[in-house]
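What follows is one structure encoded as structure tokens, with my remarks underneath.
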Amino acid sequence: FPVSSIEDILKENSNLHFLTPLKRNDLRIKNNNSHEFQGKLSGVEGQILYSKVKITPSRFLYSFKDIKTAGKENKDYVERISNENFDIEKYKEKENNFGMISLESDLDITPEEIYKCYSERWQLELVFRTYKNDIGFNKTNLIPKSEKHPGKIIFSRGAIICNDAAFH
């Protein structure tokens, strides 16, 4: 969802913040030179380059490039394209984005902290994907009040977050 849809809530709750992934073709990435990395993360698994740019007085753009993932995406892309359909200009355009994730936030914290926050958020997305695809909870069903009882579990993103937090 766009951050603009919750701006009033953010203003009313100073302890509430956002961390939003951007699509790889988002112009803010290119316009703010987020491909110009400033260093390498420490304390995280893998070889991760980072960039942090202040894009407005209260917003930051964090970009990360996983070197291993970039190599795999590069290899996969080149293998998928036949020799006669290979366009070097299109490849060069895509190459910068291989292995990259960019995030917008209102938090001015270290790139390591943002990366760890996003990694934890990603784990929740994987749980949601498991519930939806592997277990088959991909439909929302309303249960009539007469059928509800305390033993039933409601599977929704909010319930999963609450239940997951309650059991750990």
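The values are calculated or read from the model by the stated rules, or taken from the named source; none is laboratory data. Keep in mind the model is a prediction, meaning the values are calculated, not measured. Please note: Cβ atoms are built from the backbone with ideal geometry, for glycine as well, and neighbour counts cover all protein chains shown. Remember, those area values only see protein heavy atoms, side chains included, never the ligands or the DNA or RNA. Shrake-Rupley method; radii C 1.70, N 1.55, O 1.52, S 1.80 Å.
Which condition breaks for ASP108 when tested against (1) open to solvent by 40 Å² or more (accessible area, probe 1.4 Å); (2) in a helix (DSSP H, G or I); (3) in contact with a strand residue (DSSP E or B) (Cβ under 7 Å, 6 or more places away or on another chain)?
Every condition holds for ASP108 apart from (2).
Look through GLU73, GLU89, GLU36 and report the one residue that is part of a loop (DSSP other than H, G, I, E, B) and more than 30 Å from ILE6 (Cα to Cα).
Values: GLU73 fails: part of a loop (DSSP other than H, G, I, E, B); GLU89 fails: part of a loop (DSSP other than H, G, I, E, B).
From the options GLU73, GLU89, GLU36, the qualifying one is GLU36.
Can you spot a residue in segment 62-69 that is open to solvent by 50 Å² or more (accessible area, probe 1.4 Å), modelled with pLDDT under 95, of a type in the set (A, V, I, L, M, F, W, C) and on the phi < 0 side of the Ramachandran plot?
Taking segment 62-69 as the starting set, the residues that turn out to be open to solvent by 50 Å² or more (accessible area, probe 1.4 Å) are 67-69.
Keeping just the survivors that are modelled with pLDDT under 95 gives none.
No, segment 62-69 contains no residue that is open to solvent by 50 Å² or more (accessible area, probe 1.4 Å), modelled with pLDDT under 95, of a type in the set (A, V, I, L, M, F, W, C) and on the phi < 0 side of the Ramachandran plot.
Against the definition (of a type outside the set (Asp, Glu) and in contact with an Asp or Glu (Cβ under 9 Å, 6 or more places away or on another chain)), how does PHE86 come out, yes or no?
On the way: of a type outside the set (Asp, Glu): yes; in contact with an Asp or Glu (Cβ under 9 Å, 6 or more places away or on another chain): no.
Taking the combined requirement at face value, the residue does not satisfy it.
Taking only segment 15-32 into account, find how many residues are among the polar types (S, T, N, Q) and under 14 Å from SER105 (Cα atoms).
Looking only at that region, the number is 2.
Quick check on my filter: what residues within segment 1-45 are surrounded by fewer than 11 Cβ atoms within 10 Å (Cβ to Cβ) and closer than 24 Å to GLY99 by Cα?
Taking segment 1-45 first, the residues surrounded by fewer than 11 Cβ atoms within 10 Å (Cβ to Cβ) are 1-2, 4-5, 8-9, 11-15, 23, 25, 27, 36, 42-43, 45.
Once the filter is applied, which keeps residues that are surrounded by fewer than 11 Cβ atoms within 10 Å (Cβ to Cβ) and closer than 24 Å to GLY99 by Cα, segment 1-45 yields PHE1, PRO2, LYS23, ASN25, LEU27, GLU36, SER42, GLY43, GLU45.
Among the candidates LEU19, LEU49, LEU41, LEU10, which residue alone is free of Cβ contacts under 8 Å to residues at least 40 places away in the same chain and of a type in the set (A, V, I, L, M)?
So the residue among LEU19, LEU49, LEU41, LEU10 that is free of Cβ contacts under 8 Å to residues at least 40 places away in the same chain and of a type in the set (A, V, I, L, M) is LEU49.
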